[in-house]
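What follows is a short report on a single structure.
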Amino acid sequence: MLISIDRLLSPAEVRQLRRSLDAAPWTDGAATAGTLAQGVKRNQQLSDGLPLAAELGRQILARLAGHPLFVSAALPRTIYPPKFNRYAGGGSYGAHVDSAVMAVPGTHQQMRTDVSATLFLSAPEEYDGGELEIEGPFGVQSVKLAAGDLVLYPSSSLHRVTPVTRGERIASFFWVESLVADPTDRALLFDLDQSIQRITPLLAADDARLVQLTGVYHNLLRRWVRQ
Ligand code: NI
């Protein structure tokens with residue numbers, strides 16, 4: 001399931017992030033790829049230890065924490081501190097699946113990656129190419145969103161970034177370990193939650209049908225939460 005979240009960041013917030021990122025020390029992204037991914041990854045990243053990356057990452061996490069659509073879709077238990085990358089001059093990232101388990105920087109904790117996220121920080125007009133292509137059950141979906149928009153997709157999916165042939169594509173990316181590991185269960189909960197959200201304004205808060213439906217949501221979640 002692909003879910004896009006429009007305007008996670010406002011245009012002013014994107015501009016502020018971009019000002020910081022334009023002056024940041026970028027390094028070769030292949031250094032942090034897994035053994036197999038190293039051969040297909042041609043981009044630049046900010047290193048995890050950089051205080052600037054940590055500060056910008058915290059700003060993004062603050063937005064995510066208060067975003068009902070993100071919480072409903074990802075049901076986050078752990079969010080990897082957001083990373084940043086830049087593609088230019090033909091840079092690309094060939095087809096790969098993200099590592100299943102990652103060490104959370106700055107902790108002794110490991111996390112399972114259930115949901116992958118890309119937050120676009122360049123406007124589509126700023127660059128050619130740079131589509132995020134995600135393979136799913138209905139074929140390949142090509143994603144290129146407005147600056148400030150976020151896409152969530154299953155970490156288990158094969159995906160790639162096509163070569164950036166003009167301009168530069170700057171993005172933030174991170175992973176989520178979800179409270180609900182199974183993507184089908186998570187998608188059902190998301191659909192149920194979204195329909196409850198849509199009918200809530202039409203009914204009284206103590207409407208018995210709404211109370212029951214909300215109970216079904218929580219009792220399904222209780223069954224499917226993995227400790
Ligand atoms: Ni990836």
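Pick out the long, greasy-scoring helices in the chain: whole DSSP H runs spanning 30 Å or more along their own axis by Cα, mean Kyte-Doolittle at least -0.5.
What comes out of the filter, once short or polar helices are dropped, is none.
About its Cα centre, how strong a charge dipole does the range 144-196 have in debye, to the nearest 20, once Lys and Arg get +1 and Asp and Glu get -1 at the Cβ?
460 debye
Please name which of Gln194, Asn219, Ala205 has its Cα lying farthest along the dipole of the range 183-224 towards the positive end, using unit charges on Cβ (Lys, Arg +1; Asp, Glu -1) and the Cα centre as origin.
Asn219
I'd like to compare 40-46, 162-168, 118-124, 205-211: which one has the highest average count of other Cβ atoms within 10 Å, and what's the full order after that? Walk me through the intermediate numbers first.
Details: 40-46: 19.9, 162-168: 17.1, 118-124: 21.7, 205-211: 10.3.
My ranking of the peptides, most packed first, is 118-124, 40-46, 162-168, 205-211.
May I ask which residue of Ala73, Gly89, Gln109 lies farthest towards the positive end of the charge dipole of the range 58-125, with charges of +1 (Lys, Arg) and -1 (Asp, Glu) on Cβ and the Cα centre as origin?
Of the listed residues, the answer is Gln109.
Quick one: Karplus J couplings for the range 136-145, per residue in order, coefficients 6.51, -1.76, 1.60, θ = phi - 60°, nearest Hz, x for Gly and Pro?
Ordered by residue, 3J(HN,Hα) equals x, x, 10, x, 8, 10, 9, 10, 8, 9 Hz.
Taking the Cβ of each residue in Thr78, Thr214, Thr113 as the centre, tally the other Cβ atoms inside 10 Å and list the residues starting with the fewest.
The most exposed by this proxy come first: Thr214, Thr78, Thr113.
What are the residues whose amide H is under 5 Å from the amide H of Ser157, where those residues sit 5 or more places off or on another chain and H is modelled from the backbone?
Amide H neighbours of Ser157: none.
About the Cα centre of the range 183-224, how large is the charge dipole given +1 on each Lys and Arg Cβ and -1 on each Asp and Glu Cβ? Please answer in debye to the nearest 20.
Working: 5 positive and 5 negative charges, 25 e Å.
Using only the charged Cβ atoms, the result is roughly 120 debye.
How big is the charge dipole of the chain about its Cα centre, in debye rounded to the nearest 20, if each Lys and Arg gets +1 on its Cβ and each Asp and Glu gets -1 on its Cβ?
The dipole of the chain has a size of about 280 debye.
Which net charge results for the neighbourhood of Leu121, defined as the other residues with beta-carbon distances under 14 angstrom from its beta-carbon, given Lys and Arg at +1 and Asp and Glu at -1?
Net local charge, Leu121 excluded: +3.
Bear in mind these aren't lab numbers, they're just calculated from the coordinates by the rules spelled out. All of these numbers come straight from a predicted model, not from anything done at the bench. Cβ coordinates were reconstructed from backbone atoms using ideal geometry, including for glycine residues, and neighbour counts include every protein chain displayed.
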